[in-house]
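These notes are about the structure you will find just below.
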Amino acid sequence: MRAIDINGLIDQAKFNTFHWRVLFWCALIIIFDGYDLVIYGVVLPALMQEWGMTPLQAGALGSYALFGMMFGALVFGPLSDRIGRKKAIMICVILFSGFTVLNGFARNPTEFGICRFLAGLGIGGVMPNVVALMNEYAPKRMRSTLVAIMFSGYSVGGMLSAGLGIVLLPAFGWQSVFYVAVIPLLLLPLILRFLPESLGFLVRQGRTEQASQLLQRVEPSYQPQAGDRLEVVTGVEAGGSVPQLFREGRALSTLMLWVAFFCCLLMVYALNSWLPKLMNNAGYGLGSSLAFLLVLNFGAIFGAVGGGWIGDRFKLDRVLVVFFALAALSISLLGFKSPTPVLYLLIAIAGATTIGTQILAYACVAQFYPMGIRSTGLGWASGIGRSGAIVGPILGGLLLGIQLPLALNFMAFAVPGAVAAVAMMVFASRSSARAGARLPSAA
């Protein structure tokens, strides 16, 4: 009987077609996840005009999906540690895709808000699960990069949403952009067939033969033999629970991650919800305002992939400190009159260091927690962060309602970046201390 170290085999595996397949399907799910979320900022000016909403009412309506995302992350993150990531992902895709399509049939703000809340359950629940799945199968030397590339699908979805909005809104109305969300439902049979289940979950369920076949696809040099005992180092007892996030010296680090997620998601959703409207008020046409949203999400791709590449070579938590500081600076400068090329550059940097940083923060959390509580850790960091996402659109609506100068609006959006930078500095110093404490025992 052989004892097979699953973690070691995955860590040392060479990137192959299996990894490509996991990356492709996880990224595709995130693309439509991002599309369904950013879509509200795209249609917001049209909704305010058609339904006669005040900025504060519009901000509150935008937060309905974010309430759903908070509950979705808190529920489906821990739940997947018990029912499996694949099943949780399927449920979430049905929720966010189905109810986003139904949004196109909403006749008033109440119906619209209910559909957005239910779609938000799926949007929030799928994120921690695809991150955990990609992180579990990625070879160690390129883990941050692969998670960042996969999560860049969120920005691709945001760009797709803004781009289709520019084309579809004038010709077919705001409802048309919601109908596009039917595509994931049509792809569901393929996702069900090709997306793998978590190896750790299969081993805990005693499905050894299935796990062995999957492990051979991850690392073809492994040849299953009768009697192989597959071992997964989880670091905790099976089945994630919230108190475990605070054990073994993780309490302060967990709290700092939650602060960083809260601040980061506040900036992301404040900008995604209100950037077109703010720029519209500043004198730019609706087409130009949606182009700014396009640039914001385009910049996020470079921030996520570039930051992931740097994070694999240096410490990812230190990269996050720098990115949060740059986010605060770039957002602050958006409120001042700048030449158009400079304005586009600042928006791209803001996208790289807010949406891009959110992507890197998920990778950081996935690497921090052991496998047995990874989805729980991701789900709760995401769920706590969603409270910041809820505050973002409401804050934007409140600021517009009291008619502050443009510069002060962006200053208010920038403050959370500075707070998040401080939180990640504490996390990074704590991580260094934990690593230093392990060295003597390792020696």
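The values are calculated or read from the model by the stated rules, or taken from the named source; none is laboratory data. All figures in this text were calculated on a predicted structure; none of them were measured in a lab. FYI the Cβ positions are ideal-geometry reconstructions off the backbone, even for glycines, and counts take in every protein chain you see. In case anyone asks, the SASA skips ligands and DNA or RNA and just uses the protein heavy atoms, side chains included. Shrake-Rupley method; radii C 1.70, N 1.55, O 1.52, S 1.80 Å.
Here is how the numbers come out for the structure above:
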{"read-out": "Residue 366 vs. criteria of a type in the set (A, V, I, L, M, F, W, C), open to solvent by less than 10 Å² (accessible area, probe 1.4 Å), in contact (Cβ under 8 Å) with a residue 60 or more places away in the chain and farther than 24 Å from residue 85 by Cβ", "value": "no"}
{"read-out": "Evaluation of residue 137 against (1) within 22 Å of residue 300 (Cα to Cα); (2) touching a His at 6+ places or on another chain (Cβ under 7 Å) (one fails), failing number", "value": "(1)"}
{"read-out": "Residues within the stretch 115-167 that are open to solvent by less than 10 Å² (accessible area, probe 1.4 Å), of a type in the set (A, V, I, L, M, F, W, C) and part of a helix (DSSP H, G or I), tallied", "value": "15"}
{"read-out": "In the stretch 335-363, the residues that are farther than 29 Å from residue 127 by Cα and buried (at least 20 other Cβ atoms within 10 Å of the Cβ)", "value": "335"}
{"read-out": "Which listed residue, of 210, 223, is open to solvent by 40 Å² or more (accessible area, probe 1.4 Å) and touching a Leu at 6+ places or on another chain (Cβ under 6 Å)", "value": "210"}
{"read-out": "Residue count for the stretch 1-22, restricted to those that are open to solvent by 10 Å² or more (accessible area, probe 1.4 Å) and at pLDDT 85 or above", "value": "6"}
{"read-out": "Inter-residue pairs, beta-carbon under 8 Å, first at positive phi and in the stretch 164-176, second open to solvent by less than 70 Å² (accessible area, probe 1.4 Å) and in a helix (DSSP H, G or I), 6+ apart", "value": "173/46"}
{"read-out": "Filter result for residue 320 (in the same structural domain as residue 260 (by the TED database), assigned to a helix (DSSP H, G or I), closer than 24 Å to residue 406 by Cβ and of a type outside the set (Ser, Thr, Tyr))", "value": "no"}
{"read-out": "Output for the stretch 168-198, where each listed residue is exposed (fewer than 13 other Cβ atoms within 10 Å of the Cβ) and under 23 Å from residue 44 (Cβ atoms)", "value": "170, 171, 172"}
